[in-house]
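Please read the structure below before turning to the comments.
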């Protein structure tokens, strides 16, 4: 497919700038201003339209399919609480900004490839969480409630950790609390926001000093990394199984 290097470069500078700004906000507050996504769409859409007029109709058809697939996937995951609203908006914006390359299999649906990249990269954080938990176990700082079965313990070791309740009070937006009021562990895969201001007093009332939490990862960071990986190398899955 013919390329328009200056348009592509300008577009990628805009996308990267917006993703970096969104990542900064996500790390600081776990919230992203919609103005970032509006800016990305407004600045990249004219460039995309110019590119589409230059390429063949087959690219337009693939582009529409790619954008719709990414939008539907993002909407469903966000609707069922498996993805944050800002993450869904990021994927949709990227699918709009990035044109497909129908002759290259892992670049036919850019939004999907970027999604796969970011999910795989974020999964690597499980290894870091596990390493931290092993260290805590070594120092006897990691404990499980008596009713916790082996399967739940394994899941917790790779997805969650224990922190001091004072750390939770300082940075409530950085964690999803797994301890219930009676100090059991409740694993929940939904990303619904918690009312931590109500949970902490209940735990403190029971004299709980350390709590199990799942880190609320700044997922926009992994979307940024997934996009950069896509730009440089393509889809991680295709690279691994090539």
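Regarding residue 101, is this residue assigned to a loop (DSSP other than H, G, I, E, B) and more than 20 Å from residue 13 (Cβ to Cβ)? Answer is no for this residue. Counting only residues that are in contact (Cβ under 8 Å) with a residue 24 or more places away in the chain, out of contact with any helix residue (DSSP H, G or I) (no Cβ under 9 Å at 6 or more places or on another chain), farther than 22 Å from residue 221 by Cβ and not assigned by TED's automatic domain parsing to the domain that holds residue 70, segment 99-142 holds 1 of them. Within segment 58-71, is there a residue that is crowded, with 17+ Cβ neighbours inside 10 Å, out of contact with any helix residue (DSSP H, G or I) (no Cβ under 8 Å at 6 or more places or on another chain) and touching a residue at least 12 places away in the same chain (Cβ under 8 Å)? Yes, segment 58-71 contains at least one residue that is crowded, with 17+ Cβ neighbours inside 10 Å, out of contact with any helix residue (DSSP H, G or I) (no Cβ under 8 Å at 6 or more places or on another chain) and touching a residue at least 12 places away in the same chain (Cβ under 8 Å).
The residues of segment 3-53 that are touching a helix residue (DSSP H, G or I) at 6+ places or on another chain (Cβ under 7 Å), in a loop (DSSP other than H, G, I, E, B) and closer than 23 Å to residue 232 by Cα amount to a single one, 4. The criterion of at least 3 residues that are at pLDDT 85 or above is met by the following helices (runs of 4 or more DSSP H) wholly inside segment 120-223: 125-138, 150-159, 165-170.
Looking across segment 208-235 at every residue that is over 19 Å from residue 90 (Cα atoms) and in contact (Cβ under 8 Å) with a residue 12 or more places away in the chain, the one that is surrounded by the most Cβ atoms within 10 Å (Cβ to Cβ) is identified as 212.
The values are calculated or read from the model by the stated rules, or taken from the named source; none is laboratory data. Here the structure is a predicted model, which means the values were calculated and not measured. In this analysis, Cβ positions are derived from the backbone assuming ideal geometry, glycine residues included, and neighbour counts consider all displayed protein chains.
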